[in-house]
Structure formats: C-alpha cells, structure tokens
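Heads up, the thing below is written out as structure tokens.
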Amino acid sequence: MRSRTTAGSRTAALLAAALATLVAPVVALGQAEDVPVSVAALPSTTLNQGLRSGVVRVLVSGQEWNWKTPWAKQPPWTRPIMGLVVSGHRILCASPAFGNHLLVEVQKHGEDARTAGRVVLTDPEGPLALIEVDDPAFWEDLEPLPLADPVPREGDVSILRWRASGIFDSYPGSVRQVRSGRHGLSRTNILTLDVATGADALGSSEVIVVDEVVVGVLTARSGDTWSGIASPVLARFVEDAAAGEWRGFPRGGFAWQNLTNPALRESLRLNEDERGVRITRVLPHGSLAGAVQAGDVILEVEGIPIDAAGHYEHPIYGRMLFALLFSDGRRPGDLLDLLVLRDGERLEIPVPLRRIRADADRIPPYIYGHGPNYMVVGGLVFQEFTIPYLTAFGDWQRRAPPRLLIAQERESNMPSEERPRIILLSSVLPDAANLGYEGVRNVIVERVNGRTIGSMDDLREAFARPEGRFHVVELLPGSPPERIVVDVAEAAAAAERIRAAYGVDRLDSEAGALR
Amino acid sequence: MTSARSLFLAAAAAAVTIAALSTPPLRAADASEANEGEGNAISASVVHVQVYRTRFDWSMPWRQKAVQATLGSGFLIGEGRIVTNAHVVADARQILVRRPDQANPRIATVEAVAHDCDIAVLRVADEGFAEGLRPLALGELPRTGSQVLTYGFPLGGQDVSSTAGIVSRIETRGYVHSGMDAHLVVQTDAAINPGNSGGPVVQDGRVVGVAFQGFPGFDNMSFFIPIPVVRHFLEDLEDGTYDGFPDSGLETSALLSPAYRRERGLPGGTSGVVVNRVISDGTAEGVVRSGDVLLAVNGHPIAADGTVAIGDARVTYQTLFDYRQIGEKVDFTVWRDGAEIVLGATASRIPRYDRLRNLYDVAPRYVVHAGLVFMPLDSELLKMFGRNWAQSANRDLVWHHLFREAERPEEADREVIVLMRVLRHPINSQMGFNGPVGVEAINGLPIRSLEDVVEAFDRGEGRFDEIVFEGDAGIEALDREEAKAAHKEILRQYAISHDRRL
C-alpha cells in the first residue's frame, strides 16, 4: 500500500511537469527525480505500476488489397502492437498497421479481455494513429504517461511491451542518437530517437521511457539500432488532434545537392564564410513550389545557417538534417523564412508550409482506406501505378521491370495536370476476346481510343467512346506489343464470362460500393 | 513477338558461352563404326587453339587486365585458313594452333572476326602447317532428328575427341558472345563442353556447323552455329572486309488477335505481323510504315506469330535478314490501305546498335581531366554494375541504353557521356560523386561525345569549369587553373600514361 502511494504520487508529479511542457516546453528530464525510491523493496506485483497503467496492448486486424489481382484482398492479418495511453481517453500508436485495418481491440494490464476501440485519426506520414475506447470502464485504472520534451540525447532507457502471455517486459536500452528520420512509408523527416538494445523483434509501437516519462515510440529497425518517433512529435499530434486541428506534417518537397566542394561554392558566388545546399528539383505540390527554383542555394532557414552537407545546429540536439526544419514543431500554413542565393543575389523568401498528400504524387507511396483503382476491359486489367503495386514484386528494387523502376525514380512525385497518374496494363485474363495478348503485363498505357491516358477516369471515358468497332490501346513505345486491338462487341460480350471465370466481382473498382 | 533483338535480350541472361562453363564430366567419344574411316580424316583437320588474351578494364579504361589462357578448337577450310569461334580468339594477344598429329604449335593471326555471329577465320603463316591435311567442306542445314558428330578438344585430354548426337531443334536464338544478336542455332544433345568451342559439327562428311554455346547445368542441350550463318560470314568476307548482318529496322508484333486482323482490314486466310515502328537506318526505313502488316520478306510468307519456315523449322522472320548481305535487295510484301504491295529495299545495318553489344578487340574510349574519368555509355560500362545492371545501375543510364531509342526516336543516335569515376586529389576530392552519372553539359557546351568533353574543357573561360549532370545529381565545379596544374600529377599518381583514347 505504501509503495503504491509512492509510485502514484511520483507519477503525478512527473505528469504535472510534463503536461506543462506541452504548453511551455523545455523541462529537462530528471528534474523531477528527487523522490528516492528503493526498487528492491517493492513487491513485484506493483513494479512499474505507473508504466503498466500507461501502456496497453492493441490488436489490429486488417486486410491489404492484392495489387496483382486488384479486385481481391490478401489473407487477413492480426497484429499485436503497443498503445500509449494519452490524455483525453485516447491511445496513441506509431505503426503502419492502420489504414487498411478492419478491427481494433485493446487489452490492458496483461488481461485477456478485449475491448473494442475506434480509430479516430491516422497520419501515415508518422505513421501515427489515435484510438478511442467508448467503454468508460476501460479507463478506470489507466493513467496517461507524461511525454518528455526535450528528449535525452544519451543515457539509459526502458522499452515497454505487454506480451500475449500477460507479462510486462521492460527491456533495457540506451539512446544512440536523436536525428531527423523517416518511418514506415512516410516521406516526412521528423524528430527520431535511435535506441540500441539487445532485445529483438521490436518495432511494434513499443513505448520507450526514461524512468516514467515517455521519450518515444518504436517503429522499426534501422541498421543496428531501433528507431522511434520522439515524444515531442507525439505530443504535438495528440495536442492538435485533441483540439480537432491536426493538419498533417508539413514537408519541403524538393531534391538537393550538397555544396561541400569549395570550387562549386565559389562558382555559385557564395561568400567564403557562406554554406548551404543547392536545390536540384522542386516538387510542384510541395512547400517550396512557386517560391524556390531549381538552382537556388538555400543559405538559411529561419535565420539558422545550413551547412554544405545539409545540416544545421539544433539548439538541443546538435547537428541535424535540414529537412527537419520544415516539420519540426511546425504546422501546415506556418511561414518559414528562407534566405536563398539566386544568380548571385540574396533573397529572403517566406514559404508557406504545405502538407503533401500521398494521393497528390503521380505514383502514390501508399493507399489506405480503399483498394486499387482498376478496371477490366475484355480481360485486359488496367490500374494505377502505385508504390504498393511495385512492392508487390517482393524484393522490388531488384525484381520489378526496369521501365517501372525508372518511372518510379523519375516521376513518383512529379505530378502533371494532364497526366496525374501513370496507368498500367498490369495483366491479361486470357479469353477469346484478347487472343494473342495473354502474356502482356506491367506496361505503361499511353493512349486508348486516341485519347491520352493520365488517370483511370481518362481510361473510363476513353473506353466509353470507341472510335469504331474496336478499342485500340497504345502502350509506351518499346513496351511490347505496343498496340492492342480488341473488338468492342466481343469485349462487352466477354465481361460476364471473365467475371465468372476469374472470380472478378467487379470489373471496375468505381462500379458498386464495396469500398 | 517483337524483333529478334528484343527476343534475345530476354533469352541471353540464361545462357553462357561454352568457354565460361565449368568443367563438367566428359563423355567418351562414340563415333559410330560406320563413320570411323571418314571420322579419322575429319579429325586430322580439327586443330587445337590455345589463346592468350587480355581484356581492357572498363572501370579503369587505360589499363589491361592480367593475361588469361583459354582453349578452343578450330578446323581447316582452306590453305592455312582455320574457322573457329570469335569468343575463342576475342582480345587475343597470342594464338597458337596445333594439329592433332603434331606436337609443335604454330602462331596464327586473325584474318577476320565477326563478334555478331561468333565466328572468326585464322591464318597460319607457316606454309607447311596444313601439309597433308584435307580442308573440310561445308554442308547444309541438317534436318531435325538426324545424327551429327562434333569434333574438338574439350578439357580433359590432349587429343581430338568426337561425340555423336541428334539434332534436337533448329531455332533463332541469342548469341551470348555478342549479347544482342540473334541468328539461327541448332540444338543438339551431342556433348559440347568447354574447349569444344570452334570445333566442327559434321554430317555425311561435311561441316554443318560450329560448336559454340550451351546452358550450364543442361548436359544434353548444346548449340552450334549452322551453315547459313557461317556462309554469310564467309561470303561477306570475300571482298576482304567484314561488314556484318543487315538489320530489318522493324519492330513488329504478332497478329494472333482476330480483332486486330479485322481492324487492319485483312482478308481471311492471310497472315503476317503488324509493324509498330520503323527504326531509322534499318533496311525498312523509308519503305515500310508503322501500321503496315508485313506479309512476307523475300517472298517467304510470315505467319501470324512472326515465324517463317526455314528447312523443317519455324523461326522468326528476322532470320531472313541473315540470308542477305548488306547492300543486297530485300523485298517486303505488306498489307497497306486494303491492298497487298511489294516494296523493294536495300539491306542495311544500324551502326548505333554496336553500343548494345558486348565489346571485344576494342580498347575503351575515355578522357581523364583533372582526375575526372569520362566514358561513353555502352554495354561494357553498364556491366560494371553487375549482372543485374538493368535494376541496379543508375536509372537514367538504363533508360538511355534500353528505352530511349523507342521513346525518343529523334534522339536515337545521341551518345551519352558518363562521369565514371573521380580519381581523388585535393582539387576534386570535395566534389559530390555518388557513382557513375550522365553528363549534360560542361562549360555551357552540351556533351554528346568525348570530343565535346575535350573541347568543353579547352574552351572554358572564367575561374571555374562547370559540369552539369543528368537528373537530380546537380552540378559541380573545378577551379580551372588548379585543375590544369594538377592534371599531370594526377595522371602520374594513378599510373595513367595517356589522358585520353578518343
């Protein structure tokens, strides 16, 4: 009883300190650690009582679409991940498991009982998700853990996990570094904590704490360490979501080269004491679009100098990649002041920060919430070229068709108004209507019935308006067979036959409302 | 179905040259009794070919690699003339041929070599070499199912060995040595092992082919070059120079789709393939049009799957171009605007395809400037990225090599210059360089050849040499005076005797 009180009051003290940091940050860790606790004296059942009440187990069941047969789904899965109890009776997870989830259940205190949860917000650019649990009884003995801001750059941590057996694991580890990093399929650089530990099979949203303060949540392995999303990022997500104002992570949207070569700097007319990086590509839908041009040198961001290798000196964490400046502590709509060197002139350019939605990319990096956008005409299967389609090749960097890899590298994030998407003839379902084309797959479609194809809607309109008795599909030159002709009447007559023979419930993903 | 070339690109990866095979168990020679006397006469004219070669190193183009010794076979076709495989004598520095009945090898030289069909003719200067030997006569394409005998010097012994086999099939397939050409081949179950390369394949006392390649791991599947290809080579050579095979210049697709046939307005019963594109500088340029249906070449009707009958085999119609010398007449029969017409053309070769071939007997071209090594993009350069280069190499370079011709025909002839390597020195060591990358321009001059690289550095003004790369690689700069001053020192430090080979 005595020990429980001690642990509880200590948590409360920490909680108060950390909650305050959300509003007025920078309370160094360890400041509240003035209550001596003799751990050895505690009965084992109450060890880590605060931590046990702040971490829950989340069972996510879901099902991905099958990109090779886009009308079908893959075998369903159930993944146990950890959830962090946060204020407002919500649970925070850092996991790519959300998006194609179908069922979310939560378990607390190592108990078998499952309580239904609801995903109220996800952002794959974290990846982060917030879960609500409607049953008030679930919250009775749960307590949010405080979130650290800043996070420590070194020192010991514990990695927390509930096992299926009900055992609460607390693995020892140590902070390797705080850096700018990306997680899962995200393209946004966010504040990242790397943790070295002997524990294995992590990366399922395990909670990283120092004493009883959360410093991050693990997402994946990164080389010889495990990477987590640092707590300040988590706190901002929770806070904005609570206010109903989460607008996503802003991102610069550009490619750059370093200027480590003094001759190059001088030829670009940088002064001897100036550093910076040169922009080589500006994405038309990113924050820099319309403000910065390819060829510009970024000297400073918000008055902070960028070095020749693209780093800046973070006041707390030291040397960080400058992409972090576009997301760290900022929201879409914020203005970021850049100092840019263009043709020898130094320009101050305010840049309104933007979030880049995955579906704004020409080849979307991920698709959640709906299946592939496809249609089947006369057994020819057409669909959007997406990164999930590419990753369905397995070790895709080595196995995918070379022309698709080239498109991925060159055109992924370069949308165009005329051709917002690349449309593939992905495979052929052999039928009398498509005799001679059985082996065609993974080719880029240029035109159908004379119309340039830049989206599935273009394709639908083109097939709705054949120029005569034939549908004519023109592929990218060099991609055999380059031109495909099917008979309009035969294709229509084949529809039912193909649907039945290949188990295609819908020949067009837009038809019906199975999504 | 597309051109013979694309067929080959897909097929080539699986096969290797005989010379590259690991030593497999040998079969006993089993020439049949009936052939014994004749066999002895043939054996006498089969020669052992020992070659010492060195390859240039495309990753350091100024240097040659260590000497390698390889073995092959050959056979006498005339006074001191010996036929063997091009891959036996490629990059040879010294060639020694030995008669089976003599111990002393003689020095031979290459009279002509055709890397596009893997055949070479050697000449032995020593007049006494062929004394008492009967040159072998050339036969015809054998029938499938008929028996053939192979002769040669496979690893495992010093004497000529012969094995018998059946002609399993006749087809058109990629020639691994060139890496892009496809010609007729004959598949046999006769044992053809490392060392057999260049040896004759004989039927009824006449040579019907030259043993040349197989699949590692497939004991009963070897290939020889049949006589039509050998004849093409020898006839080509009659004027003293080897010109090579004509290219059709046609990209076609099979017309197995009845809908497509109706769309082209083809009457029932006709066959043929549809022309997708006509490639510049090829035989069909200016004669055949995209959208035509190609019904026949030189009067040989083409089936809807693109095959023609040659002997008792069906092979791609592109094989018909192997029966024409460059400059000879070719007739195309096409279906156009509802009528069948015959169009005359002159067989021609597309020189730019050489970039797509494996390169032999040529030294890589390069320019080194202040430690920057520039080279033209070709197959050998891409092979530096490993077997899987189509996936692992710089994507822009792969696009230029495999896709640009089709997607941007107006740029078909463009040569791409690659910054292959940076030889580190204080004047360039801080340059950003993340592996081979295409060069767009130097000092404002668009770079389309190595000569452009030289000119661009020569004509630079101002303090810096400015280099623009392809894609997201950006730009780089060198201090011109420092670069010039360091140039010779870099060459010396890195043991480069010449800063260019244009």
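Scan the range A:143-152 and tell me whether some residue there is farther than 17 Å from residue A:239 by Cα, touching a strand residue (DSSP E or B) at 6+ places or on another chain (Cβ under 6 Å) and of a type in the set (Gly, Ala, Ser). There is no residue in the range A:143-152 that is farther than 17 Å from residue A:239 by Cα, touching a strand residue (DSSP E or B) at 6+ places or on another chain (Cβ under 6 Å) and of a type in the set (Gly, Ala, Ser). Whenever a residue of the range B:411-423 is crowded, with 23+ Cβ neighbours inside 10 Å, its partners that are of a type in the set (Ser, Thr, Tyr) and at pLDDT below 95, lying with C-beta atoms within less than 8 angstrom and at least six residues away or across chains, give the pairs B:420/B:59. Can you tell me which residue within the range A:280-303, out of those that are touching a helix residue (DSSP H, G or I) at 6+ places or on another chain (Cβ under 7 Å) and closer than 22 Å to residue A:410 by Cα, is surrounded by the most Cβ atoms within 10 Å (Cβ to Cβ)? Checking each candidate, the answer is A:287.
Where helices (runs of 4 or more DSSP H) fall entirely within the range B:302-403, those with at least 1 residues that are of a type in the set (Asp, Glu), within 14 Å of another protein chain (Cβ to nearest Cβ) and buried (at least 16 other Cβ atoms within 10 Å of the Cβ) are at B:395-398.
The rows are residues; the columns are (1) under 28 Å from residue B:398 (Cβ atoms); (2) buried (at least 22 other Cβ atoms within 10 Å of the Cβ).
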residue: A:335; (1), (2): no, no
residue: A:339; (1), (2): no, no
residue: A:344; (1), (2): no, no
residue: A:360; (1), (2): yes, no
residue: A:367; (1), (2): yes, yes
residue: A:393; (1), (2): yes, no
residue: A:397; (1), (2): yes, no
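Filtered by the rule that a residue be surrounded by 24 or more Cβ atoms within 10 Å (Cβ to Cβ) and over 25 Å from residue B:44 (Cα atoms), the range B:200-224 gives a lone residue, B:214.
Residues that are in contact (Cβ under 8 Å) with a residue 24 or more places away in the chain and either surrounded by 15 or more Cβ atoms within 10 Å (Cβ to Cβ) or not in a loop (DSSP other than H, G, I, E, B) (or both) within the range A:242-257 comprise A:242, A:246, A:248, A:249, A:250, A:251, A:252, A:253, A:254, A:255, A:256, listed in sequence order.
Determine whether the range A:390-410 contains at least one residue that is assigned to a strand (DSSP E or B), under 30 Å from residue A:63 (Cβ atoms) and in contact (Cβ under 8 Å) with a residue 60 or more places away in the chain.
Pass one, the range A:390-410, residues assigned to a strand (DSSP E or B): none.
No.
Looking across the range A:265-279, the residues that are in contact (Cβ under 8 Å) with a residue 12 or more places away in the chain and surrounded by 18 or more Cβ atoms within 10 Å (Cβ to Cβ) come down to A:265, A:268, A:270, A:274, A:275, A:276, A:277, A:278, A:279.
Taking strands (runs of 3 or more DSSP E) that fall entirely within the range A:258-347, which contain at least 1 residues that are more than 23 Å from residue B:465 (Cα to Cα), acidic (Asp, Glu) and more than 14 Å from chain B (Cβ to nearest Cβ)?
Values: elements: A:277-282, A:297-301, A:311-314, A:318-321, A:335-342.
Filter on the range A:258-347 gives A:297-301, A:311-314, A:335-342.
Selection within the range B:450-489: residues that are crowded, with 17+ Cβ neighbours inside 10 Å and among the small types (Gly, Ala, Ser). The member of this set that is farthest from residue B:395 (Cα to Cα) is B:486. Here is the figure for the range A:152-165: residues that are in contact with a Ser or Thr (Cβ under 6 Å, 6 or more places away or on another chain) and either modelled with pLDDT under 95 or crowded, with 24+ Cβ neighbours inside 10 Å (or both) total 1. Among the residues making up the range B:404-430, those that are more than 17 Å from residue A:260 (Cβ to Cβ), within 14 Å of another protein chain (Cβ to nearest Cβ) and out of contact with any strand residue (DSSP E or B) (no Cβ under 9 Å at 6 or more places or on another chain) are B:404, B:405, B:407, B:408, B:410, B:411, B:412. For the criterion of being in the same structural domain as residue B:70 (by TED's automatic domain parsing) and crowded, with 24+ Cβ neighbours inside 10 Å, residue B:88 passes.
Where strands (runs of 3 or more DSSP E) sit wholly within the range B:148-239, those with at least 3 residues that are modelled with pLDDT under 95 occupy B:161-174, B:206-214.
How many residues are of a type in the set (Phe, Trp, Tyr), more than 9 Å from chain A (Cβ to nearest Cβ) and touching a strand residue (DSSP E or B) at 6+ places or on another chain (Cβ under 7 Å) when one looks only at the range B:242-301? Don't jump to the end; show me each part of the working.
So in the range B:242-301, the residues of a type in the set (Phe, Trp, Tyr) come out as B:242, B:245, B:260.
Next, only the ones that are more than 9 Å from chain A (Cβ to nearest Cβ) stay: B:242, B:245.
In the following step, the residues that additionally are touching a strand residue (DSSP E or B) at 6+ places or on another chain (Cβ under 7 Å) were identified as B:242.
Residues meeting the conditions: 1.
The values are calculated or read from the model by the stated rules, or taken from the named source; none is laboratory data. If you're wondering where the values come from, they're calculated on a predicted model, not measured in any experiment. For neighbour counting, all protein chains shown are included, and Cβ atoms are generated from backbone atoms with ideal geometry for every residue, glycine included.
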